[in-house]
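Report on one structure; see the data block that follows.
The values are calculated or read from the model by the stated rules, or taken from the named source; none is laboratory data. Because the structure is a prediction, the values reported are computed rather than measured. Neighbour counts are summed over all protein chains in view; Cβ atoms, including those assigned to glycine, are modelled from backbone coordinates with ideal geometry. Surface areas here come from the heavy atoms of the whole protein model, side chains and all, with no ligands, DNA or RNA. Shrake-Rupley method; radii C 1.70, N 1.55, O 1.52, S 1.80 Å.
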Amino acid sequence: MRLIVAVDNEWGIGNKGDLLARVRADLRNFRRVTADCAVILGSNTLATFPGGKVLPKRVNIVLHPDPAYHPEGATVAHSLEEAVEISRRFPSDKVFVIGGASVYRQMLPYCDVAYITKFKKSFEKDVYFEDLDASDEWELESESEEFVSDPETDTEPDLKYTFCIYKRKKTMKKELPKTYSPDEIEGRLYDFWNEKGYFTPEIDAKKKPFSIVIPPPNVTGKLHMGHALNNTLQDIIIRTKRMQGYSTLWVPGTDHAGIATQIKVEENLRVEQGLTRHDVGREKFLEMVWDWKNKYSDNIKKQLRRIGSSCDWSREAFTMSPTLSAAVKKTFVRLWDKGLIYRGFRIANWCPHCNTALSDAEVEHKEIPGNFWHIRYPIKGTDEYLTIATTRPETMFGDTAVAVHPEDERYKDLVGKTLILPLTDREIPVIADEYVDREFGTGCVKITPCHDPNDFEVGARHGLEHIFAIGEDGKMTSAAGRFEGMDRFEARKATVKALEEEGYLVKVEPHGHNVAHCYRCGNVIEPLASRQWFVKMKPLAEPAIAAVKEGHIQFIPERFSKNYLNWMENIHDWCISRQLWWGHRIPAYYCDDCGEITVSETDVTVCPKCGSKKMRQDEDVLDTWFSSALWPFSTLGWPEKTPELDYYYPTNVLVTAYDIITFWVSKMIFMALDTMDGKPIDKAVPFPDVFIHGLVRDAQGRKMSKSLGNGIDPLDIVDKYGADALRFALATGNSPGNDMRFSDEKIEAARNFNNKIWNAARFVLMNLTVDDYHLPEKEQLTTADKWILTEYNSLIGEVTANIENYELGVALSKLYDFIWDVFCDWYIELVKPRLQSGDETAQRVLVFVLSNTLKLLHPYMPFITEEIWQSLPHKGDSIMVSEWPKTSKELDFADDALKMERVIAVIRAIRARRAEMNVPNSKKATVYIVTDYKDTFEPSIFPFFERLASASEVDVIDSYGKDDAVQVVTDSATAYIPLAEMIDLEKEKARLTDERKKTVGEIERLEKKLSNEGFVAKAPAAVVEAERVKLEKYKDTLSGIDAALARL
RNA sequence: GGGGGCAUAGCUCAGCUGGUUAGAGUGCAUGCUUGACAUGCAUGAGGUCACUGGUUCGAUUCCAGUUGUCCCCACCA
């Protein structure tokens, strides 16, 4: 139970011992009067509650000018409004007000119970509380008899008063609700953490740093399931590290996403106003994009908060912010100065729809059916011709040669001859080039340097002319003669038709081929020669390859390093210019007079070469990945030497999906290595670990996409089931690098788990009479207590190690098993009888194990764990900053745990027996136990059998003489249950025989294994020993079964 | 054309550096109004760990091949 206690000294009862005693007594009746927050108003409050016994333990707000009255840890509020405001941030479902009219009105909305002193002046009647009495939300529960103030001590001698307790009618809850309802809790807790400043770490030389930079979502829209998974995984890691005592920074931010965003805004502009970006102009258009960006990045921020991401919002970054833009310029200039950026006339991927060049990474190849057209090119001055084969006949108008292989006997003589390009009267030469594959097609290739990367190379080798057949708008140029202005696909049909009509077409073969498409708009890419900026990749790739090969950067799972290396080792130069408006404008300036190119971080207005003032900045912007490549250090303030950069760089891990390794991860690696050149390699890498996760698919295993309409909005899930359920569903069973399916079943299982935890906590709280989070003395612990502590202790070790190794799904399933099966289904059940008799040891063990297990679970399910932890006895302000549990020898009671396991095994066996025989639980019977482990099966564990194995009573005996009992055999004991009328002798015999067979099988298997010399000699001693122990157990069981059979 | 993943219960998937009576969730069957939870409890059925070889004392796990399936990369006109 959490309280906010609002106390007002103006109530005038400070000197009335009887009333004060009444207040205290009432408060004591509540189980635990600890509060997360107390609003204390006035001066004599502390005197009113001497020693803090009734007063809340931790006082957060004090409204008093004299510091002498401020309890330790108090915050001073300067007005009641402020106090109310602060108090709202504290988790609370019950609020108490003790006080007079001056405080109750403000606090009442947060109250369920109000202790109120009503004053009556002789001439007035209930002046202050008429509204409360009139309200149908509140009811008067009790009212003391009327007091009259003491004329000697009271300041207002004619005052009469009564002491009243009001309760809120409907919302007064006697206990926590039966099912967990996250909606109200989550928002409140996130604000609480935020206000407390837990998300913002201190740069502390005494602590070890731990940092992650978020893969910045695009500001194009809202987050999808993939983002939810990505950020859940990061948050799990970050929260764990924070609790482990690291100074933990998670930098959030967004990416301006050049092309993607511009297209969205253009689309919006077109739909809403029927305008293009050219209609509104560059400046105005960019304003619109900024508006869009602000709207969507706010939205994204909100979504990240909803799922509980513990990002440091004070260090939020954006790829186009001034600091990051400075980093971009600086990097561009540096690479230019090093000769690693050049401007070149090259074939680039051109999207006629987006009107920009694209990098290779930004095109998607799709297999589409096409044709192979065989076309005759007449040889000048003869009746002969050469037949070429092409998939793109419309580009023939850009042909400037036909190439054959230099050693191709068929065409050797033709090299150097001239051909007439059909449908035109242009003459082109036949050239010889090794590029041509003699086996493919006709062995003759038309060379179109402006429209094909290979042809471009060939053209360069042979000094061929550049003729564009298709323009940037995707329409035919004047070179196409009569087809000028025609769309490129129309032109293909028209060209083929003309060729056919004029007799140039030899044949048509169906031929599927891969065609590049724009990853944004989906249109077919036109390879087009143009002047673009490029990054020379080879020199940058080398150290980036070495860093991974030498293990300075590690992919998890490891196999993705192959992906990365494969790509890096076959890398092409990176086209970084984009003909867009939204992005970092290229910091290059052209002199109109002398043509000099000047690259500079600052604006250039005078040509450094000729002094001309006719300077123009390049119109193009940079590829969006250029700025995101700098993300790990630009977000920490680089190029400034900030304390953040110094302390948090390199970041510790990058968490991302595999589909973005080549796009982004690789670029960050080579950019960081180049930028941090000179640092030792371990300080230069952007991150030592790359934790790769898979994609989130729908229940049928399909990729979630807009066109399929199968996308699930993570926020819908949060609304319906809560953030913790979403996080659980995403984290559970998720293994690194593998895709996962998201289904209703999964989310329901997650919801159920939430509910299970909630109810376990509810049960613990309902039975709690002690206010202590410490473990009882060893001497007081029972076998069951020691068992659960031992289990808990090993859980800590396993979960911690799993998280350390990024086995987040495995760690979670262990937590799930522990909480559900071990803690709830066994420990709570074992402990129930003790709770009924008010055993405090049991309560304290429950609290200890539950609250510490919640800590281990907190990174996965931050909200519910905080909410429950707050309501349990605890130390500290928040589970989020509590200390991560550590394994301890103090918690390890292996011998007792073993005893408990024997008991559990017998109980299980009895239940199974009874269930098989359809004996209802209501039918109780004595359980006689024959065992060699008399110290295990001693009276303290008898209640377990009564409760969990339908025993009416339990007796440990040396042997059971009669034959009227069901016999249940385990390796440590045989239980006899006299249920004579239930027993079917034949069935019983059959079952035992069957069991015997299985056991004998196991024994044989183990004996064979142990008699294998190879095994005994070569297997590790521990393994051999374990097998021996197993064998002994089976032998024990077997003798039990044999004895049982004998008596039948 | 290269590279990689996956193949385990009806379904969805775990199973880390070889030794388990091969697990979970869900579904199925049976029985439970047990003072936290039916979003629950108990019990059970259900698997030649795709196939074939190899390494090993021992292979679901490591290696090779086969089949099926999915993905990534690639400028053969």
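List, in order, the whole-Hz ³J(HN,Hα) value for each residue of segment A:850-855 obtained from phi through the Karplus relation with A = 6.51, B = -1.76, C = 1.60 and θ = phi - 60°; use x for Gly and Pro.
5, 5, 6, 5, 4, 4
Evaluate the Kirkwood expression for the hydrodynamic radius of segment A:561-682, namely the inverse of the mean inverse distance over all pairs of different C-alpha atoms, and round to one decimal in Å. Please list the in-between numbers first.
Working: mean 1/r = 0.0590 Å⁻¹.
About 16.9 Å for segment A:561-682.
As an exercise, use a Förster radius of 51 Å and the Cβ-Cβ distance of A:D744 and A:N566 to find the FRET efficiency, rounded to the nearest 0.05. The partial results should precede the final answer.
On the way: r = 38 Å, r/R0 = 0.75.
With a Förster radius of 51 Å, E is 0.85.
Limiting things to C-alpha atoms, what are the Rg and the maximum Cα-Cα separation (Dmax) for segment A:620-778, in angstroms?
In order Rg, Dmax, the Cα atoms of segment A:620-778 give 22.3, 73 Å.
Using square roots of five times the C-alpha gyration tensor eigenvalues, list the equivalent-ellipsoid semi-axes of segment A:773-878 in whole Å, biggest first.
Numbers: eigenvalues 114, 51, 29 Å².
Result for segment A:773-878: semi-axes of 24, 16, 12 Å.
List the trypsin sites (Lys or Arg not before Pro) in segment A:197-242 that DSSP assigns to loop (not H, G, I, E or B) and whose Cβ has at most 15 other Cβ atoms within 10 Å. Which are they?
Sparse-neighbourhood loop trypsin sites (Lys or Arg not before Pro): A:K206, A:K207, A:K222.
With a Förster radius of 56 Å, plug the Cβ-Cβ distance of A:K338 and A:S142 into 1/(1 + (r/R0)^6) and report the FRET value to the nearest 0.05. Intermediate results must be reported in sequence, preceding the final value.
On the way: r = 83 Å, r/R0 = 1.48.
Given R0 = 56 Å and the Cβ-Cβ separation, E is 0.10.
Long-range amide H contacts for A:Y385: which residues qualify at under 5 Å (H placed 1.01 Å from N, peptide plane, sequence gap of 5 or more or a different chain)?
For A:Y385, whose amide H was placed from the backbone, the distant partners under 5 Å are A:I379.
What whole-number value in Å² describes the accessible area per residue of segment A:548-661 for a 1.4 Å probe? Kindly include the intermediate steps, with their values, before the conclusion.
Details: 4910 Å² over 114 residues.
Value for segment A:548-661: 43 Å² per residue.
Report, in whole Å, the centroid distance computed from the Cα atoms of segment A:592-629 and segment A:296-312.
38 Å
Could you work out how much longer the chain between A:W313 and A:D592 gets when fully extended? Use 0.36 nm per residue separation minus the Cα distance between them, nm to one decimal.
Using 0.36 nm per residue and subtracting the Cα-Cα distance, I get 95.9 nm.
From Cα coordinates alone, what are the radius of gyration and Dmax values for segment A:380-476 in angstrom?
12.8, 42
With a cut-off of 15 Å, note down the residues of segment A:952-984 whose backbone N falls inside the zone around a label point 7 Å from the Cα of A:K832 toward its beta carbon.
Label zone hits: A:952.
Using a 1.4 angstrom probe on heavy atoms only, work out the carbon and sulfur share of the accessible area of segment A:953-1048 in %.
Roughly 52 percent, rounded to a whole number.
Tell me, rounded to the nearest percent, the portion of alpha carbon pairs in segment A:894-1023 spaced more than 19 Å apart.
Numbers: 4691 of 8385 pairs.
Across segment A:894-1023, Cα pairs with separations above 19 Å total 56 percent.
So what is the diffusion coefficient of segment A:276-359 in µm² per second by Stokes-Einstein at 4 °C and 1.567 mPa s, using a Kirkwood Rh over Cα pairs?
Numbers: Rh = 16.7 Å.
The Stokes-Einstein estimate is 78 µm²/s.
With each label point set 7 Å from Cα along the Cα-Cβ vector, what nm distance links A:A1026 and A:F345?
7.2 nm
Carbon and sulfur atoms: what percent of the 1.4 Å accessible area of segment A:633-775 do they account for? Numbers along the way, then the final one.
Values: 2700 of 5570 Å².
Carbon and sulfur: 48 percent of the exposed surface of segment A:633-775.
State the volume of the convex hull built on the alpha-carbon positions of segment A:192-272, expressed per residue in Å³ and rounded to an integer. Please list the in-between numbers first.
Values: hull volume 10.3 nm³, N = 81.
Per-residue hull volume (Cα only) is 127 Å³.
Excluding A:A842 itself, what net charge comes from residues whose Cβ is under 13 Å from its Cβ, given Lys and Arg +1 and Asp and Glu -1?
Working: positive: A:K786, A:K832, A:R834, A:R844; negative: A:D772, A:D785, A:E829, A:D839, A:E840.
Its environment carries a net charge of -1.
Give me the net charge of A:V718's neighbourhood, meaning all other residues with Cβ under 10 Å from the Cβ of A:V718; Lys, Arg count +1, Asp, Glu -1.
Neighbourhood net charge equals -3.
Trypsin sites (Lys or Arg not before Pro) within segment A:427-470: which are DSSP loop residues with at most 15 other Cβ atoms inside 10 Å? Kindly include the intermediate steps, with their values, before the conclusion.
Working: sites: A:R438, A:K446, A:R461; in loops: A:R438.
Qualifying residues, ordered by number: A:R438.
As a quick test, which of the pairs A:K923/A:K1033; A:K412/A:K538; A:K786/A:K855; A:K222/A:K641; A:K562/A:K746; A:K786/A:K814 have an alpha carbon distance above 26 angstrom in this structure?
Numbers: A:K923/A:K1033 31 Å; A:K412/A:K538 37 Å; A:K786/A:K855 20 Å; A:K222/A:K641 34 Å; A:K562/A:K746 32 Å; A:K786/A:K814 19 Å.
Long pairs (Cα-Cα over 26 Å): A:K923/A:K1033; A:K412/A:K538; A:K222/A:K641; A:K562/A:K746.
Please give the contour-minus-distance gain from A:T387 to A:A1017: 0.36 nm per residue of separation, less the Cα-Cα distance, rounded to one decimal in nm.
Working: separation 630, 0.36 × 630 = 226.80 nm, distance 7.54 nm.
Using 0.36 nm per residue and subtracting the Cα-Cα distance, I get 219.3 nm.
Which residues' amide hydrogens lie under 5 Å from the amide hydrogen of A:T356, considering only partners 5 or more residues apart or on another chain, with H built in the peptide plane?
Amide H neighbours of A:T356, under 5 Å, 5+ apart: A:C351.
Measure off 7 Å from each Cα along the Cα-to-Cβ vector at A:E946 and A:K412, then give the distance between these two points in nanometres to one decimal.
10.8 nm
Per residue of segment A:982-998, what does 6.51 cos²θ - 1.76 cosθ + 1.60 with θ = phi - 60° give for ³J(HN,Hα)? Whole Hz please, x for Gly and Pro, Karplus curve as stated.
Using θ = phi - 60°, the values come out as 8, 7, 10, 4, 5, 4, 4, 5, 4, 5, 5, 5, 4, 4, 4, 4, 4 Hz.
Keeping to pairs on different chains or 8 or more places apart, tell me how many lysine pairs in segment A:959-1018 have Cα atoms under 19 Å apart.
Count of close lysine pairs: 12.
Where only protein heavy atoms count, and the probe is 1.4 Å, what is the accessible area per residue for segment A:211-295 in Å²?
Numbers: 2960 Å² over 85 residues.
Result: 35 Å² of accessible area for each residue.
Applying the Karplus parametrisation 6.51 cos²θ - 1.76 cosθ + 1.60 with θ = phi - 60° to the phi angles of segment A:829-838, what ³J(HN,Hα) value in whole Hz is obtained for each residue in order, glycine and proline being reported as x?
Once θ is set to phi - 60°, the couplings for segment A:829-838 become 5, 5, 8, 3, x, 5, 5, 5, 9, x Hz.
Determine how large the accessible area of A:L140 is when every protein chain is in place; take a 1.4 Å probe and give Å² rounded to the nearest 10.
Spelled out: A:L140, probe radius 1.4 Å, area about 80 Å².
For segment A:677-772, what does the accessible surface come to per residue with a 1.4 Å probe? Please give it in Å². Can you show the working numbers first?
On the way: 4100 Å² over 96 residues.
Per-residue value: 43 Å².
Sorted by accessible area with a 1.4 angstrom probe, largest first, how do A:E798, A:E916 fall? The partial results should precede the final answer.
Numbers: A:E798 85, A:E916 115 Å².
Accessible-area ranking of A:E798, A:E916, largest first: A:E916, A:E798.
Order the following by accessible area, largest value first: A:V506, A:V1000. Probe radius 1.4 Å; ligands, DNA and RNA are ignored. Don't skip to the end; give the middle numbers.
Values: A:V506 65, A:V1000 35 Å².
Highest to lowest solvent-accessible surface, that is A:V506, A:V1000.
Based on Cα coordinates alone, diagonalise the gyration tensor for segment A:749-827, multiply each eigenvalue by 5, take square roots, and list the semi-axes in whole Å, largest first. Before the final figure, lay out the partial values.
Numbers: eigenvalues 114, 67, 23 Å².
So the three semi-axes of segment A:749-827 are 24, 18, 11 Å.
I'd like the FRET efficiency for A:K178 and A:E640, computed as 1/(1 + (r/R0)^6) with the beta carbon distance as r and R0 of 60 Å, rounded to 0.05. Could the numbers behind the result be given before it?
On the way: r = 55 Å, r/R0 = 0.92.
It comes out at approximately 0.65.
For segment A:352-432, which GluC sites (Glu not before Pro) pass both filters: DSSP loop (anything but H, G, I, E, B) and at most 13 other C-beta atoms within 10 Å? Mind showing how you got there, number by number?
Working: sites: A:E362, A:E364, A:E367, A:E384, A:E394, A:E407, A:E409, A:E427; in loops: A:E384, A:E407, A:E409.
Counting only loop positions with at most 13 other Cβ atoms within 10 Å, the GluC sites (Glu not before Pro) in segment A:352-432 are A:E384, A:E407, A:E409.
Please sort A:325-335, A:883-893 by packing, taking for each peptide the average over its residues of neighbouring beta carbons within 10 angstrom, highest first.
On the way: A:325-335: 20.1, A:883-893: 14.8.
Ranking the peptides A:325-335, A:883-893 by packing returns A:325-335, A:883-893.
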